[in-house]
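Read through the structure below, which is laid out as structure tokens, and then see the notes.
The values are calculated or read from the model by the stated rules, or taken from the named source; none is laboratory data. Computed from a predicted structure; not experimentally measured. Methodologically, a virtual Cβ is constructed for each residue, glycine included, from the backbone with ideal geometry; neighbour enumeration extends over all protein chains shown.
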Amino acid sequence: MADTTKQDNWRHCNKCFGLWWNGAPTNGVCPAGGAHHAGGSWNFYVPANPAEHL
Ligand SMILES: [Zn+2]
């Protein structure tokens, strides 16, 4: 897998301990209840390959 770029704006949820992308209008549904919550999270840059679609 060739990482060709990085995607900005991923956050760590302090409720379900997962990462989600914070660039959408909502924070999405958190498995721990409600929406994901980025209390104290870093801003993560996730390696990505835009040429490789599912
Ligand atoms: Zn969450």
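Just give me the residues in the range 29-39 being loosely packed, with under 13 Cβ neighbours inside 10 Å and at pLDDT below 95, in sequence order.
If the condition is that a residue be loosely packed, with under 13 Cβ neighbours inside 10 Å and at pLDDT below 95, then GLY39 is the only one that fits.
Go through ALA38, ALA2 for me and flag whichever is assigned to a loop (DSSP other than H, G, I, E, B) and away from the ligand (no atom under 16 Å from the Cβ).
ALA2
Which of the following residues is assigned to a loop (DSSP other than H, G, I, E, B), near the ligand (Cβ under 9 Å from one of its atoms) and of a type in the set (A, V, I, L, M): ALA51, ALA24, ALA32?
Sole residue among the options that is assigned to a loop (DSSP other than H, G, I, E, B), near the ligand (Cβ under 9 Å from one of its atoms) and of a type in the set (A, V, I, L, M): ALA32.
For LYS15, work out the one condition from (1) among the basic types (Lys, Arg); (2) outside any loop (DSSP other than H, G, I, E, B); (3) within 14 Å of the ligand (Cβ to nearest atom) it doesn't fulfil.
Unmet for LYS15, out of (1) among the basic types (Lys, Arg); (2) outside any loop (DSSP other than H, G, I, E, B); (3) within 14 Å of the ligand (Cβ to nearest atom): (2).
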